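Undergrad: Questions regarding the structure given below will be posed in turn.
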Amino acid sequence: MASSRGEVPALQLDGLGFSYAAAEVAPSPEPVICSASLTVPQGAFVLLVGDTGSGKTTLMRLCKPEIAPEGSMRGTVRVLGRDVHELDPMASARSVGYVFQSPDNQIVCDSVCHELAFGLENLGVPQDQMRRRIAETCYFFGIEPWFHARCAELSGGQRQLLALASALVMRPRLLLLDEPTSMLDPVAEKSFLSLLFRVNRELGVTVVVATHAPQAMVDYATTAFRMEGGAPRQVELGSLRGGHGLLGRIGDDGLAEPSGELRVSLGDAWYRYERDGRWVLRSADLSLRAGEVRALVGGNGSGKSTLLMAVAGIARLQRGRLSNALSRSQAYLPQSPKALLSRETVEAELMEWSASGYGRDEALALASALGLASALGRHPYDLSGGQQQLLAFAKVLLTRPRLLLLDEPTKGLDDAARVLVATRVRDAARSGCAVLVATHDVAFARVVATSCSLLFDGQVSLTQDARSFFDESWVWGA
Amino acid sequence: MGRRSGQTAFEGVHLVVPAVYFVGTIGLGIFVLQPVYVLLSVVGALLFGGCCRGWRAVGRSLAWQAPLVMLVCLVNPLFSRSGATTLAWLGPLPLKLEPLAFGACMGGMLVSMLQWVSNATCVLTQDRVMGMAGRRLPVVGTMVSMAVQLLPQLLRRHALVASALDACTASGGGGQPSASGRARLGSYVRSSTMLMSWAMEDSLERSDAMRARGWGATSARSHYRTELLRSRDVLYASALAAMVGANVVLAIVAVGEWRFYPQLPTLEPWWGYAPYAVLMALPSVLALAERLRWNRLG
């Protein structure tokens with residue numbers, strides 16, 4: 001019903017082209033977007049799919065002049081019939097909402113109520129209007145129970161919901177979201193999407209979502225476009241539904257039942273971060289054999305990362321015991337890959353730990369296998385989030401650890417990159433490395449894991465071989 | 001838990017009320033160096049500290065403040081030769097009563113101020129204060145609130161980086177404690193540079209998020225009021241201000257009558273101490289009354 005409202009399309013691109021401003025490394029840059037044309041009717045729910053680096057973000061940002069990248073643009077972008085270059089920041093903030101990828105960095109204020117008010121204050125909305133809009137938005141999203149919370153105390157899912165609510169409190173007609181769920185666990189993702197869907201259908205807001213993992217959104221969408229060669233081409237929604245994407249093509253061959261020696265064991269482990277805090281691990285048990293790939297699954301806050309840190313020896317147990325025969329040859333990839341990146345160039349980064357016994361050729365070979373060959377001279381911080389993840393992964397892999405501890409290694413990666421990581425993890429396991437991987441990515445876990453442990457309430461509720469675990473699972477079986 | 005019950009003393013009122021109270025209490029405490037006033041202030045501060053921060057927290061803070069008082073108390077007589085009453089001889093040095101009393105008063109004042117400031121930060125939480133400041137000074141308010149969030153984040157990330165590097169033992173000595181001093185210094189410099197660029201990158205993204213929501217779009221910014229100033233709050237605040245004012249007058253009298261040197265006068269009972277005692281005990285009494293009421297009801 002909403003789609004019939006108004007004749008003017010919510011968003012219209014006409015022969016849009018864009019290339020980034022020339023820089024030292026690229027004096028005459030390739031166009032990122034060329035002759036892109038697209039019409040989004042009001043009330044639509046549009047998916048913009050494509051791999052990392054295909055220009056999705058650039059395209060979206062060009063629709064919002066305050067955050068458009070530096071460079072040269074051709075063609076026109078019309079929002080609700082008006083050329084975006086005619087929109088002043090005020091009009092643009094009023095009519096176009098934007099939700100970014102990272103739940104952390106887009107939060108400006110330190111408490112939920114101030115965060116919601118921030119955009120309204122910027123527009124000079126009078127007090128009564130402001131109170132009304134904030135109250136209604138909180139009611140719609142069910143934010144009331146944590147309205148007075150500090151943003152730092154919220155979970156990732158709550159923060160992203162807050163980002164969505166803070167954009168919608170300004171009552172935009174068009175909402176652009178850039179990979180809004182790539183940092184969320186599957187359950188948080190689904191609740192976020194169902195609210196987004198209600199925003200679209202009940203409030204009539206036109207929604208455009210850029211994503212490289214459209215599977216969970218297909219049911220909500222009305223149209224989908226794929227970025228190819230710098231321009232969006234319409235695709236069948238059904239074609240995006242397909243199971244596990246590229247990961248599905250990695251066969252079930254290879255990984256045998258782990259029969260190696262028992263290398264790591266954790267017994268009756270208790271851990272909490274503060275003296276009066278809640279126990280994050282409460283009597284957790286875990287054992288790991290050489291050549292085994294163990295996936296740790298469980299909701300947010302179930303203790304996956306903490307268990308990983310306990311095995312790594314970073315989180316010292318308050319009770320219980322850890323015996324880790326591989327503690328001198330382990331490698332740990334934390335959730336934020338930036339924690340491992342401290343050099344000036346990608347190449348220096350890869351060579352940093354060469355004292356452990358690998359050469360430049362080996363490092364370069366791995367870099368090109370992971371698609372980093374063209375980025376060797378760049379600063380790690382100039383890479384995309386996905387590339388940083390791959391770089392940090394390459395870095396720990398090069399040290400040929402006997403125990404590999406991975407925390408969400410596929411977070412924010414597109415299909416192709418997930419396949420690269422999965423292949424490498426399987427190779428490592430074949431050579432006898434014990435792997436413990438905390439992940440929300442079921443498709444990835446299905447492909448790499450030999451066994452699975454379900455974490456709940458700080459305990460390992462169940463450990464099973466991966467195939468039966470997923471076949472019998474109600475939630476993770478999909 | 002302690003925190004919640006402590007705020008009941010000032011919970012239902014506008015920020016202005018506790019602000020007047022703490023400005024008055026702390027202002028009086030700093031300037032009135034008279035034993036009875038200092039004692040009342042210390043007792044009041046500790047009592048309210050127990051109510052709002054919990055006895056355990058007060059005990060922990062006293063654990064380092066008490067030695068400080070002892071130090072101030074004992075060091076003063078060593079340097080000061082004034083005073084008429086010699087208590088003992090420490091070798092060639094006379095230990096006199098007056099400088100000892102002066103030191104004890106200074107120490108007491110120091111503790112009471114530290115305690116009152118902790119109590120104030122417990123009631124005047126940063127977001128309440130920023131909520132007020134944001135109205136007049138939006139840029140400063142936003143900046144301060146971001147800076148305040150930045151420091152804990154830097155510390156958290158530093159710990160994360162250090163532990164992640166330590167955990168990568170397969171790297172062949174990269175982040176291990178056995179590394180030489182120079183290598184450690186090098187890695188320290190690198191990791192702080194990295195933390196800085198990490199924070200910078202976050203801030204770029206955050207500034208985009210701010211601009212996307214109309215930051216700087218107009219100079220006529222409005223302000224979302226979380227607390228309303230009602231006539232009752234004005235009444236309370238004025239009553240408190242009047243109490244503080246009366247105590248200022250009385251304190252001037254009391255300080256005029258008091259001297260440390262050359263000899264301590266005798267302290268005598270005086271009705272003028274009573275208003276100060278009431279002022280110091282007020283929040284604790286309110287908090288305790290609130291607690292009693294709930295215990296009875298619950």
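Bear in mind these aren't lab numbers, they're just calculated from the coordinates by the rules spelled out. Worth saying up front: this structure is predicted, and the values here are computed from it rather than measured. Don't worry about glycine lacking a Cβ; one is built from the backbone with ideal geometry, like all the others, and counts go over all protein chains shown.
Undergrad: Give, as ranges by residue number, the residues of region A:106-120 whose backbone N falls under 18 Å from the point 7 Å along Cα→Cβ of B:S203.
TA: From region A:106-120, the list is A:106-110.
Undergrad: Here's a follow-up. For region A:304-362, would you read off the P(r) tail past 13 Å as a percentage of all alpha carbon pairs? Each step should come with its number before you reach the end.
TA: Working: 1218 of 1711 pairs.
When every Cα pair of region A:304-362 is considered, 71 percent fall beyond 13 Å.
Undergrad: Taking region B:26-130 on its own, what percent of its Cα-Cα pair distances exceed 19 Å? Walk me through the intermediate numbers first.
TA: Working: 2789 of 5460 pairs.
In whole percent, the share of Cα-Cα pairs in region B:26-130 beyond 19 Å is 51.
Undergrad: Another question, if that's okay. Starting with the fewest neighbours, write out B:Y276, B:Y188 ranked by other beta-carbon atoms found within 10 Å of each beta-carbon. Mind dumping the intermediate values first?
TA: Numbers: B:Y276 25, B:Y188 12.
Ordered from fewest to most neighbouring Cβ atoms within 10 Å, B:Y276, B:Y188 come out as B:Y188, B:Y276.
Undergrad: Determine the gain in length on full extension of the stretch A:A355-A:H148; use 0.36 nm per residue of separation and subtract their C-alpha separation, reporting nm with one decimal. Walk me through the intermediate numbers first.
TA: Working: separation 207, 0.36 × 207 = 74.52 nm, distance 5.10 nm.
Going from the current span to full extension adds 69.4 nm.
Undergrad: Taking the DSSP beta bridges in the protein assembly as shown as the whole, what percent of them are antiparallel, to the nearest 5? Each step should come with its number before you reach the end.
TA: Details: 43 of 78 bridges.
If we restrict to bridges inside the protein assembly as shown, about 55 percent are antiparallel.
Undergrad: Also, quick follow-up: Only four residue types carry charge here, +1 at the Cβ of Lys and Arg and -1 at the Cβ of Asp and Glu. Report the dipole size of chain A about the Cα centre in Debye, rounded to the nearest 20.
TA: Numbers: 48 positive and 52 negative charges, 124 e Å.
Dipole of chain A, to the nearest 20 debye: 600 debye.
Undergrad: Quick one: net charge around B:V36, please, counting Lys, Arg +1 and Asp, Glu -1 for every other residue with C-beta under 13 Å from its C-beta.
TA: Neighbourhood net charge equals -2.
Undergrad: Per the Kirkwood definition applied to all pairs of different Cα atoms, how many angstroms is the hydrodynamic radius of region B:112-245? Intermediate values should be presented prior to the final figure.
TA: Working: mean 1/r = 0.0511 Å⁻¹.
Computed over Cα pairs of region B:112-245, the Kirkwood hydrodynamic radius comes out at 19.6 Å.
Undergrad: I've got another one for you. Obtain the nm distance between the two label points defined at B:M70 and B:S219 by a simple spin-label model: each point lies 7 Å from its Cα along the Cα-to-C-beta direction.
TA: Placing both labels 7 Å beyond Cα along the Cβ direction yields 6.0 nm.
Undergrad: Could you work out the local net charge near B:G83, counting Lys and Arg as +1, Asp and Glu as -1, over the other residues with Cβ closer than 10 Å to its Cβ? Can you show the working numbers first?
TA: On the way: positive: B:R81, B:K96; negative: B:E98.
Around B:G83, the surrounding residues sum to +1.
Undergrad: What's the FRET efficiency of A:L364 with A:R328 using the Cβ-Cβ distance as r and R₀ = 30 Å, to the nearest 0.05?
TA: Values: r = 27 Å, r/R0 = 0.90.
With a Förster radius of 30 Å, E is 0.65.
Undergrad: Starting from the alpha-carbon convex hull of region A:89-184, give the projected area averaged over all orientations, in nm². Intermediate values should be presented prior to the final figure.
TA: On the way: hull surface 22.7 nm².
The directionally averaged projection comes out at 5.7 nm².
Undergrad: Would you mind giving the mean number of other chain beta-carbons within 10 Å of the Cβ of each residue in A:109-120, as a whole number? Can you show the working numbers first?
TA: Details: counts 9, 8, 8, 1, 4, 9, 1, 1, 7, 9, 7, 6.
Mean shielding by partner chains, rounded to a whole number: 6.
Undergrad: Find the Rg to Rh ratio for region A:248-472, where Rh is the Kirkwood radius over alpha-carbon pairs and Rg uses the same atoms. Intermediate results must be reported in sequence, preceding the final value.
TA: Numbers: Rg = 17.1 Å, Rh = 17.8 Å.
Rounded to two decimals, Rg/Rh equals 0.96.
Undergrad: Based on alpha-carbon centroids, what's the gap between region A:411-442 and region A:459-478 in Å, whole number please?
TA: When both Cα centres are located, 18 Å separates them.
Undergrad: Only helical DSSP H runs with n ≥ 4 go in: add -39500 (n - 2.57) per run for chain A, normalise by residue count and round the 222 nm mean residue ellipticity to 500 deg cm²/dmol.
TA: Working: 13 runs with 140 residues, N = 478.
Calculated at 222 nm, the ellipticity per residue is -9000 deg cm²/dmol.
Undergrad: Report the Cα centroid-to-centroid distance between region B:210-288 and region A:112-166 in angstrom, as an integer.
TA: Their Cα centres are 33 Å away from one another.
Undergrad: Restricting the calculation to Cα positions, tell me the Rg (one decimal) and the Dmax (whole number) of chain B in Å.
TA: Computed over the Cα atoms of chain B, radius of gyration and Dmax are 25.8, 75 Å.
Undergrad: Here is a further query. So, by mean Cβ neighbours within 10 angstrom, what's the order for B:67-75, A:89-97 with the highest one leading? Intermediate values should be presented prior to the final figure.
TA: Numbers: B:67-75: 15.0, A:89-97: 21.6.
Output ranking for B:67-75, A:89-97: A:89-97, B:67-75.
Undergrad: Let me ask another. Would you please give the FRET efficiency between A:E344 and B:L151, computed as 1/(1 + (r/R0)^6) with r the Cβ-Cβ distance and R0 = 41 Å, to the nearest 0.05? Walk me through the numbers on the way to the answer.
TA: Details: r = 26 Å, r/R0 = 0.64.
Efficiency at R0 = 41 Å is approximately 0.95.
Undergrad: What value in Å³ per residue do you get for the convex hull of the alpha-carbon atoms in region A:267-323? If you can, show how the numbers build up before the last one.
TA: Numbers: hull volume 4.5 nm³, N = 57.
Dividing the Cα hull volume of region A:267-323 by its residue count gives 79 Å³.
Undergrad: Follow-up. Taking Rh as the Kirkwood radius, which is the inverse of the mean 1/r over Cα pairs, what is the Rg/Rh value for the protein assembly as shown? Each step should come with its number before you reach the end.
TA: Working: Rg = 31.6 Å, Rh = 30.2 Å.
Rg divided by Rh gives 1.04.
Undergrad: Related question: What net charge is computed for the residues neighbouring A:G238, neighbours being all others with C-beta under 15 Å from the C-beta of A:G238, Lys and Arg scored +1, Asp and Glu -1?
TA: 0
Undergrad: Can you tell me the FRET efficiency between B:A84 and B:V255 if r is taken as the Cβ-Cβ distance and R0 is 30 Å, rounded to the nearest 0.05?
TA: On the way: r = 20 Å, r/R0 = 0.68.
Calculated transfer efficiency: 0.90.
Undergrad: Sort A:H440, A:H379, B:H14 by Cβ crowding within 10 Å, fewest neighbours at the top.
TA: Details: A:H440 22, A:H379 16, B:H14 19.
Going from sparsest to densest Cβ surroundings: A:H379, B:H14, A:H440.
Undergrad: Next up: How big, on average over all directions, is the shadow cast by the Cα convex hull of region A:340-478, in nm²?
TA: Approximately 9.1 nm², given one-decimal rounding.
Undergrad: Further question: When a footprinting reagent is the concern and you count Cβ atoms within 10 Å, what order do A:I314, A:I107 take, fewest first? Walk me through the numbers before you get to the answer.
TA: On the way: A:I314 19, A:I107 22.
In increasing order of surrounding Cβ atoms, one gets A:I314, A:I107.
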